[in-house]
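The values are calculated or read from the model by the stated rules, or taken from the named source; none is laboratory data. Computed from a predicted model, the values in this text were never measured in an experiment. As a convention, Cβ positions derive from the backbone with ideal geometry for all residues, glycine included, and neighbour counts pool all protein chains shown. Just the protein is used for accessible areas: all its heavy atoms, side chains included, with ligands, DNA and RNA removed. Shrake-Rupley method; radii C 1.70, N 1.55, O 1.52, S 1.80 Å.
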Amino acid sequence: MGRPRSPGDLTPPEPPVPLPGETVGALLRNPGFRWLMAYRISTMLCYQIVAVTVGWQVYELTRNPFSLALIGLAEVIPFFCVAPFAGYLVDTLPRRKLGMAACTLLMLTALVLWALTRYWPIKDSLWPIYAAIALGGCARAFLGPIYNALFARVLKREQFVRGASLGSVMFQSGLVLGPAFGGALVGWAGADVAYAVASAFGLCAVSALAMMQVTEPPKQMQQGPVFASIREGLRFVFGNQIVLGALALDMFAVLFGGAISLAPAFIKEILHAGPEALGLMRGAPALGSVSVALWLARRPLQKNAGRILLFAVAGFGLCMIGFGLSEVLWLSLLFLVLSGICDGVSVVTRSTILQLATPDEMRGRVSSINSIFIGSSNELGAFYAGSMARLLGLVPAVVLGGCVTMGVAASAAKLAPKLRRLDLRDLQ
């Protein structure tokens, strides 16, 4: 409450004491939230171990950066096709059971890649690997919408800001541990063992959702036509300048600045290191993101959130330029950690905006649109980076992408004034 203040008292007011339900400890004492975090990190570990392993395996077989671009393309096409319908299904069917099915499909992807590595001669043709990646793309279309929909069922609205920060911690922890663990497994035991461990994490995700106790919302969407419901979600996103600006800003930043997909080529051609270094490189951005997400969980971002978001995206582009110009492993890792700090601010802010601005009955569809913006941009960014590296070379491609990302931040500041002036307290 703070002490009483007289009219002439110039002493700054004491900061408000958070309510018991708003503290980090209250969130962690919530069983539903704990199981949701277990689901989040397990799916991330499964996906990231597969991503780093398949990237190393394909580049070892081809020594062609364009083959890394095809990995992204093989995932993004089915992901893009499935995502709109995934959002509709999340708003229509029991969310927890649908998530269990998606996690089972993710686990099967890792098992298929394990079987291909152990028993199928893939040196002459890579199409079985690309087919397995496409299967994983279908599964991944459901993971984000399921998480965002369950998030709103296990937390109160006043807990969303801190909950989004802790969710980002789990997400980014998976990005740190998954690549590092995957790179170590490939280097020490082989790709087949890495795929087997990834499938075990997929099973952990299924188990976490099975243990979660959560109430399902009223089935308001079951009577609505599929395409009409999808159009309703699109109208909501494109009619909200703040939501659309945040999604578009993140999408173009990842599309043009996502140089991490070229990490196997940088390790081989520029830094001359092994798969263990690849795991460190893939995990370095997430290390920075975890650090800033932990900070934001204790000190949630409120005032000037829009401006901070824009500066974070511009900083991300600047870090990508530094990474592209570096020829020393430790300096490259440092730039990637700094880029992760900038990206962590962006992720937490965007997640909070989506949770606060989206009606509960539309969370699946809006989250799927977010997945199309952000998830597809990762794979399209990998395709763009691989293609530009083939045309311009590794270093020019990354430097150009960083410059374009900084230009995107400047354009968003001009074209989306509501986002630039955003204070998150206005959405609560």
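Multiplying the residue separation of ARG34 and ALA210 by 0.36 nm and subtracting their alpha-carbon distance yields 62.1 nm. Nonpolar atom fraction for the chain, defined as the carbon and sulfur part of the 1.4 Å probe accessible area, stands at 67 percent.
Under 8 Å for C-alpha pairs, at least 6 residues apart: give me the relative contact order for the stretch 225-427, rounded to a whole percent.
Details: 281 pairs, mean separation 82.2, N = 203.
Over the stretch 225-427, the number comes to 40 percent.
Could you tell me how many degrees, from 0 to 90 and to the nearest 10, lie between the Cα long axis of helix 226-238 and the main elongation axis, the longest principal axis, of the Cα atoms of the chain? Relative to the chain, helix 226-238 is tipped by roughly 70 degrees. At a probe radius of 1.4 angstrom, the accessible area of the chain per residue rounds to 42 square angstrom.
Packing around the peptides 32-43, 167-178, taken as the average count of other Cβ atoms within 10 Å per residue, puts them in this order, highest first: 167-178, 32-43. The long axis of helix 127-154 is offset from the longest Cα principal axis of the chain by roughly 10 degrees. PHE373 sits among other residues whose Cβ lies under 10 Å from its own Cβ, and their net charge, with Lys and Arg +1 and Asp and Glu -1, is 0.
Rounded, prolate or oblate: pick one for the stretch 74-146, where a ≥ b ≥ c are the square roots of the eigenvalues of its C-alpha gyration tensor, a/c under 1.5 means rounded, and failing that, prolate if a/b is larger than b/c, else oblate. Judged from the Cα gyration tensor, the stretch 74-146 comes out oblate (a/c at least 1.5, b/c at or above a/b). Taking the longest Cα principal axis of the chain as reference, the axis of helix 160-188 is set at about 20 degrees. Note on the chain: helix-only mean residue ellipticity at 222 nm, from DSSP H runs of 4+ residues weighted -39500 (n - 2.57) and normalised by residue number, equals -27000 deg cm²/dmol. The ratio of the alpha-carbon radius of gyration of the chain to the globular-protein estimate 2.2 N^0.38 Å is 0.97.
Rounded to whole Å and sorted largest first, what semi-axes of the equivalent ellipsoid does the C-alpha gyration tensor of the stretch 25-215 yield via the square root of 5 times each eigenvalue? Intermediate results must be reported in sequence, preceding the final value.
Working: eigenvalues 189, 61, 38 Å².
One finds semi-axes of 31, 18, 14 Å for the stretch 25-215.
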